Amino acid sequence: MNDSEFDFVIVGAGTAGCALAARLAEEPGTRVCVLEAGGEDDHPFIRTPALVGAAIATKRLNWGFTTTPQAHLDGRRIPVPRGRVLGGSGSINGMVYSRGHPRDYGDWVDAGASGWSYAEVLPYYTRSENNEDYPPSVQHGRGGPMNVSTPGPPNPLNRSFIESAMALGFPECADLTGPNPEGVKRRQGTIRDGRRESTARAFLAAARRKANLSVITHALATRVVIENGRATGVAYTRGQVAAQVRATRDVILTAGALQSPQLLMLSGVGDARELQALGIAALHDLPGVGRNLHDHLACPVVMQTRDTTSYGLSWRALPRGIYNVAQYLFARRGPFASNVFESVGFLRTTEGLDRPDVQFVFQPAARPKPPIPLPVGHGFAISPVSLYPRSRGRVSLASADPHAAPLIDPGLLSVAADIEPLIRAIRLSRRILGGSAFCRYSATETLPGPAVTSDADIAAFIRATAYTVHHPVGTCRIGSDSYAVVDPDLRVRGMAGLRVADASVMPSIVGGNTNAVVVMIAEKAADLIRGRRPPPAAPLDVRQP
């Protein structure tokens with residue numbers, strides 16, 4: 001063996017790649033190499049939770065992708081931030097800890113993902129978790145590498161949100177990552193001692209001290225090397241230098257839902273006719289690569305107030321702001337130790353549903369206006385997130401140049417019915433924000449605005465302002481049909497020595513944020529790749545809705 005030959009080569013040191021590399025490197029005789037196009041996660045905006053907006057706005061940390069013009073969103077190009085740094089998007093995201101709804105995994109199994117039921121994946125969630133707020137149980141873990149906590153103390157506006165939702169008959173949820181995640185509650189984040197807890201910090205940092213793990217930063221993978229129907233390595237560039245690393249066992253793509261399919265296509269794995277049209281030799285005709293792209297869509301209801309209770313920059317709140325900065329610098333506490341999105345409601349917006357269809361994200365702050373990444377002035381907002389879109393799109397190649405961004409078309413609102421949950425959610429958000437618990441703040445609605453009242457007007461507002469919440473999934477989905485890309489063991493169908501283990505393998509999006517789900521996928525992938533027996537499924541008496 002030499003410095004360019006490893007048992008496993010992992011492409012992408014994002015959320016999945018960092019966790020997977022650390023797990024595979026637990027066996028001293030196993031050599032693991034990780035290729036990451038970005039650099040070290042040492043930027044101060046990464047570590048400070050409240051500066052999530054600044055982290056996303058930092059060009060060297062973000063690939064800066066946008067969608068193609070979205071026909072059903074007034075032709076707008078929607079930003080698609082993706083992390084280009086150790087930790088990947090987990091180094092610039094909102095740090096929300098969510099697992100979706102237990103029923104979501106039944107949908108996966110129905111789509112062909114055998115072995116991925118809620119009972120079977122739950123032990124992988126608890127394996128990675130160090131939950132500060134819940135005792136060890138079948139639902140929660142203590143002692144795992146990933147810290148999970150509820151930032152505090154919260155802004156007082158959070159209690160107003162919870163009280164107002166409960167006054168409308170919605171319950172307060174006991175545990176948003178428990179067996180029945182429905183209702184309103186302050187939510188947990190991947191934060192440790194006032195600092196962001198990405199998988200680069202939680203998993204990879206300690207593993208890098210091991211001699212059997214190599215991490216190569218600023219290394220852009222250009223293709224998977226395929227010889228006689230088997231993946232044998234990865235070609236990459238580092239600056240102006242081209243190089244290769246060989247994998248004696250597996251090449252594992254963890255570059256995310258946009259770039260894992262992109263790399264497969266650049267390597268000749270995808271729709272053969274489309275690849276040939278771009279001058280790429282089609283080595284394996286797999287037409288599902290890049291298809292099934294979907295994401296969560298959101299649209300805000302924004303309130304403005306002269307009251308200074310909310311987070312925000314203003315002369316009237318300047319003394320408090322100076323104190324908050326000192327509080328964070330010297331004790332890692334206060335608003336800067338929070339991800340700002342402190343409370344949430346998972347609610348059903350209509351009758352007849354078997355689970356909540358909208359996530360109501362409460363923000364006790366004015367919405368930042370670029371280029372300033374912090375809120376200026378005072379106010380609060382609810383961003384309703386439609387959890388189960390039926391619209392599907394795809395990732396495709398713009399050219400055979402690996403340095404070119406992929407074409408990203410999620411087809412947002414291409415299924416007409418997808419706008420209906422958001423219309424209902426905006427009406428419900430207004431009812432919550434108009435409740436008596438908010439009266440003391442004398443707030444004025446600025447978005448959509450009092451003049452926007454009819455369904456048609458709200459729909460027009462959604463088309464003009466909606467955005468994704470950066471949860472792209474599904475482009476290398478698990479399954480057994482002709483458009484599935486990987487099998488339930490995450491092996492690329494019809495290709496030896498090649499696997500995918502990131503958000504792209506989800507058959508359908510979960511009803512919540514996706515970061516913790518990706519960690520779970522990496523944990524399960526580590527067992528599948530090492531041939532380890534899975535942990536026992538959660539007991540059947542776990543209460544499920």
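Beta carbons closer than 8 Å, at least 6 apart along the sequence or on distinct chains, pair a first residue in region 440-451 that is in contact (Cβ under 8 Å) with a residue 12 or more places away in the chain and surrounded by 13 or more Cβ atoms within 10 Å (Cβ to Cβ) with a second that is outside any helix (DSSP H, G or I) and among the acidic types (Asp, Glu) for Tyr441/Asp307; Ala443/Asp307.
Go through region 191-210 and give me each residue that's in a loop (DSSP other than H, G, I, E, B) and of a type in the set (Lys, Arg). Residues satisfying the conditions are Arg208, Arg209, Lys210. Select from region 131-147 the residues that are over 16 Å from Ala174 (Cβ atoms) and in contact (Cβ under 8 Å) with a residue 60 or more places away in the chain and write down the one among them that is most open to solvent (accessible area, probe 1.4 Å). Once the filter is applied, the top-ranked residue is Pro145. In region 8-51, the residue that is nearest to Arg238 (Cα to Cα) out of those that are open to solvent by less than 30 Å² (accessible area, probe 1.4 Å) and out of contact with any helix residue (DSSP H, G or I) (no Cβ under 8 Å at 6 or more places or on another chain) is Ala37. When we screen Arg463, Arg430, Arg477 for residues that are in contact with a His (Cβ under 7 Å, 6 or more places away or on another chain) and of a type in the set (D, E, K, R), the only hit is Arg463. Taking the condition open to solvent by less than 20 Å² (accessible area, probe 1.4 Å) and within 24 Å of Gly87 (Cα to Cα), does Leu220 pass? When the stated conditions are applied, Leu220 does not pass them. The listed residues are Gly100, Gly115, and the only one of them that is out of contact with any Pro (no Cβ under 7 Å at 6 or more places or on another chain), of a type outside the set (Ser, Thr, Tyr) and in a loop (DSSP other than H, G, I, E, B) turns out to be Gly100. Given the criteria surrounded by fewer than 21 Cβ atoms within 10 Å (Cβ to Cβ), out of contact with any Cys (no Cβ under 9 Å at 6 or more places or on another chain) and at pLDDT below 95, does Pro488 qualify? No; evaluated as a whole, the condition is false for this residue.
To keep it simple, each residue is scored yes or no on (1) in a loop (DSSP other than H, G, I, E, B); (2) more than 21 Å from the chain's Cα centre (by Cα); (3) charged (D, E, K, R); (4) under 20 Å from Tyr388 (Cβ atoms).
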| site | (1), (2), (3), (4) |
| --- | --- |
| Gly144 | yes, no, no, no |
| Gly152 | yes, yes, no, no |
| Asn155 | yes, yes, no, no |
| Arg159 | no, yes, yes, no |
| Leu176 | yes, no, no, yes |
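Across region 150-190, the qualifying residues are those that are of a type in the set (S, T, N, Q) and in contact with a Leu (Cβ under 8 Å, 6 or more places away or on another chain), and the one among them that is farthest from Ala425 (Cα to Cα) is Gln188.
Checking the stated criteria, Gly497 turns out to be out of contact with any His (no Cβ under 9 Å at 6 or more places or on another chain) and crowded, with 16+ Cβ neighbours inside 10 Å.
Out of contact with any Pro (no Cβ under 7 Å at 6 or more places or on another chain) and either of a type in the set (Ser, Thr, Tyr) or part of a helix (DSSP H, G or I) (or both) - does that describe any residue in region 179-190? Yes - at least one qualifying residue is present in region 179-190. Scanning region 409-424 for residues that are in a loop (DSSP other than H, G, I, E, B), open to solvent by 30 Å² or more (accessible area, probe 1.4 Å) and either touching a residue at least 60 places away in the same chain (Cβ under 8 Å) or in contact with a Leu (Cβ under 9 Å, 6 or more places away or on another chain) (or both) returns a single hit, Ser414.
A search for C-beta distances below 9 Å between a residue of region 212-224 that is under 15 Å from Glu40 (Cβ atoms) and any residue that is among the polar types (S, T, N, Q) and modelled with pLDDT of 95 or more, counting only pairs 6+ apart in sequence or on different chains, returns Ala219/Thr237.
For region 86-96, check the following and say yes or no: at least one residue is among the hydroxyl-bearing types (Ser, Thr, Tyr), in contact (Cβ under 8 Å) with a residue 24 or more places away in the chain and either in a loop (DSSP other than H, G, I, E, B) or over 27 Å from Glu120 (Cα atoms) (or both). For region 86-96, residues among the hydroxyl-bearing types (Ser, Thr, Tyr), in contact (Cβ under 8 Å) with a residue 24 or more places away in the chain and either in a loop (DSSP other than H, G, I, E, B) or over 27 Å from Glu120 (Cα atoms) (or both): present. Of the residues in region 218-232, none is closer than 30 Å to His378 by Cβ and either not acidic (Asp, Glu) or not in a loop (DSSP other than H, G, I, E, B) (or both).
The values are calculated or read from the model by the stated rules, or taken from the named source; none is laboratory data. If you're wondering where the values come from, they're calculated on a predicted model, not measured in any experiment. Backbone-built Cβ (ideal geometry, glycine too); neighbour counts: all protein chains shown. Each accessible area value is taken on the protein alone, full model and side chains, heavy atoms only, with ligands, DNA and RNA left out. Shrake-Rupley method; radii C 1.70, N 1.55, O 1.52, S 1.80 Å.
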